[in-house]
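Enquirer: Got a structure for you, questions after.
The values are calculated or read from the model by the stated rules, or taken from the named source; none is laboratory data. Every value quoted in this text rests on a predicted model; they were computed, and no experiment measured them. FYI the Cβ positions are ideal-geometry reconstructions off the backbone, even for glycines, and counts take in every protein chain you see.
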Amino acid sequence: MNLLKDDFISTTTGKVSLKTILTSDQDYQLQYYFDEIQLAMLQLLSSLTTAVLNPTIAELKSYMKQGVSEKQFDEALIKINEEWFDADCFMQSKPPVGVKWPEAPITKMLSGIECGTSPNAIGLFSDIEKAKVICPDCVHGLNYNLHMNIKGECFGPTGATGIRGGGAISTLIAGESLKQTLLNNTISHDHFIEYAQLNTNANNEPMWISAQTGSIYRAQNIGLIRGLFALAYHIDFSIDNSPCRCDVCGSESHQSVYAFNREKYTGHYGSTKNGRDSGAGWWPHPYTPRTIKEDGVYAVCARDQSWQSWQELSSYIVGKETDKAMVEPAYIITQFQEMKNPRQTNLLVGGNIADQGSITGRVYDLYCMPSSLNMSLRKITQVIDAGLAQQECLSRAFNKMFGVGYDKKFVGGIKGEAMSRFSANAQQIIQLALLDVNRSEATVLRKSAVIELQQEAKRIFNGVQRKYQHDLPLFKALVKGEIALYKK
Ligand SMILES: [Zn+2]
């Protein structure tokens, strides 16, 4: 099986190949039961499209406009090393002789970030028994997801960290069809090399063809293809010749995968403290926004469970500068802005909320994007700023409660719960408001978002007031605080 040519991608109409998706006019829907695997597959398939088409920015523009013909695909295939993408070697390598090669159940790969002792690590399932066998085709999505998310403390305290670091946020440009989405997220090599400031002799072979060596993996030496499929573990999957129904895609298969073996790479990427301190530099993964601080560059990650992606949306699209750090959008966003693509698109923001190597939640949000990103950026940032301002007002309105002499933890708990309810409900309000981003004038858009956000803040605040109406000191503080809700 070859990942560029053969039918390994699960869709609602059965398994199809990357070539079929890219060269036919039919729209396909991916079919994977877990949205994190869906997100991983979008990135894996866009990265494979990058590998096979290997386009310059000019070529990519033409593919996005006119599509890819079968002939173009086949001609592109001849120019690359297609055997790198054979299923029996893709993103897999054997450890040096004599090292440990521990086996684990396949379930451990599903959460993407897995931790040996944490009860949360498998918290993505209601029932762990629902995911214990997969088909050989799904191995690649799971393996990719693991390598793009893994953080050192997963797989025990001395594990390896992947090229992006643990739990990084991904931003993708979703198109009107799967084909369009994959092309939107294909990377033009000429543009990327310049952006990433790679060395001219950076290695572009995948790591399963020429392994990483040395103790520090310098970002400038890692070429585009090498980085898109970067490894942190030697990994191998045991394929049984027994039939199964796959717990990830639902297909019947005559082979089954229950377990895998792995052993960590011993060097460090710039995504780790060791790597940063040695000047390795963070490899600018094209789907991840980055934070630039005085001591180095970091992948942008999701925060805690009360955090919602709308709060950072502006920085994912235009960036943000504070006195402590600068957040830059992912490369794919800047590439897309340059393309001036007139088609309808959405921004997909996804990732895991991770804590100590375990997963406590997931992010998978779609935002409607203006058809002209360059012209309408202000519209988006105004809506986000309105949300952040309202959140700040709500926070101040609750602060009067801290003055009544009650236990800080108790009062902080009331406020914390209400604040996270606001940021969760504002998520929907903002997503809905941005649906009108093409139709409404900036001022109208902002105004209606402001009204809805204020109503939501008021609803939540009044709910807390009602709950504590018989607790006189708290109630009085809340009455006093209410005015802050409306002060910008
Ligand atoms: Zn499967």
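Condition check ((1) at pLDDT 95 or above; (2) among the β-branched types (Val, Ile, Thr); (3) within 16 Å of the ligand (Cβ to nearest atom); (4) in the same structural domain as ASN143 (by TED's automatic domain parsing)) across all residues:
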{"site": "LYS273", "(1), (2), (3), (4)": "no, no, no, yes"}
{"site": "SER306", "(1), (2), (3), (4)": "no, no, no, no"}
{"site": "VAL318", "(1), (2), (3), (4)": "no, yes, no, no"}
{"site": "LYS324", "(1), (2), (3), (4)": "no, no, no, no"}
{"site": "LEU348", "(1), (2), (3), (4)": "no, no, no, yes"}
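Enquirer: Which pairs have Cβ atoms under 6 Å, sit 6 or more apart or on different chains, and link a residue in region 396-410 that is aromatic (Phe, Trp, Tyr) to one that is at pLDDT 95 or above?
Expert: Taking only residues 6 or more apart or on different chains, the pairs are PHE398/LYS415; PHE402/VAL411.
Enquirer: Anything in region 16-73 that is of a type in the set (S, T, N, Q) and touching a Gly at 6+ places or on another chain (Cβ under 7 Å)? List them, or say none.
Expert: Listed by number, the list holds a single entry, GLN31.
Enquirer: What's the total number of residues in region 242-255 that are near the ligand (Cβ under 10 Å from one of its atoms) and of a type in the set (Ser, Thr, Tyr)?
Expert: The number of residues fulfilling the criteria is 2.
Enquirer: Among all residue pairs at least 6 apart or on different chains, which show Cβ distances below 9 Å where the first residue, located in region 311-327, is over 18 Å from ILE430 (Cα atoms) and the second is of a type in the set (Gly, Ala, Ser) and in a loop (DSSP other than H, G, I, E, B)?
Expert: MET326/GLY319; VAL327/GLY319
Enquirer: Looking at region 224-255, which of its residues are in contact with a His (Cβ under 9 Å, 6 or more places away or on another chain) and crowded, with 20+ Cβ neighbours inside 10 Å?
Expert: LEU224, ILE225, GLY227, LEU228, PHE229, ALA230, LEU231, ALA232, TYR233, ILE235
Enquirer: Based on this model, can you work out whether TYR287 counts as touching a residue at least 12 places away in the same chain (Cβ under 8 Å), over 22 Å from TYR32 (Cβ atoms) and either within 16 Å of the ligand (Cβ to nearest atom) or of a type in the set (Phe, Trp, Tyr) (or both)?
Expert: No, not satisfied.
Enquirer: Give me the pairs: first residue in region 1-27 and farther than 19 Å from ASN185 by Cα and away from the ligand (no atom under 14 Å from the Cβ), second residue among the aromatic types (Phe, Trp, Tyr) and at pLDDT 95 or above, beta-carbon distance under 7 Å, and six or more apart or on different chains, which are they?
Expert: ASN2/PHE85; THR13/TYR28
Enquirer: Moving on. Would you mind finding the one in TYR63, TYR32 that is in contact with a Pro (Cβ under 7 Å, 6 or more places away or on another chain), touching a residue at least 24 places away in the same chain (Cβ under 8 Å) and assigned by TED's automatic domain parsing to the domain that holds GLY175?
Expert: Checking each option against the conditions leaves just TYR63.
Enquirer: Next up: In the list TYR258, TYR269, which residue meets the criterion of being surrounded by fewer than 21 Cβ atoms within 10 Å (Cβ to Cβ) and of a type in the set (Phe, Trp, Tyr)?
Expert: Just a single option satisfies the conditions, and that option is TYR258.
Enquirer: List the number of the failed condition for LEU4; all other conditions in (1) more than 21 Å from the chain's Cα centre (by Cα); (2) assigned by TED's automatic domain parsing to the domain that holds GLU75 hold.
Expert: With respect to (1) more than 21 Å from the chain's Cα centre (by Cα); (2) assigned by TED's automatic domain parsing to the domain that holds GLU75, LEU4 is out only on (2).
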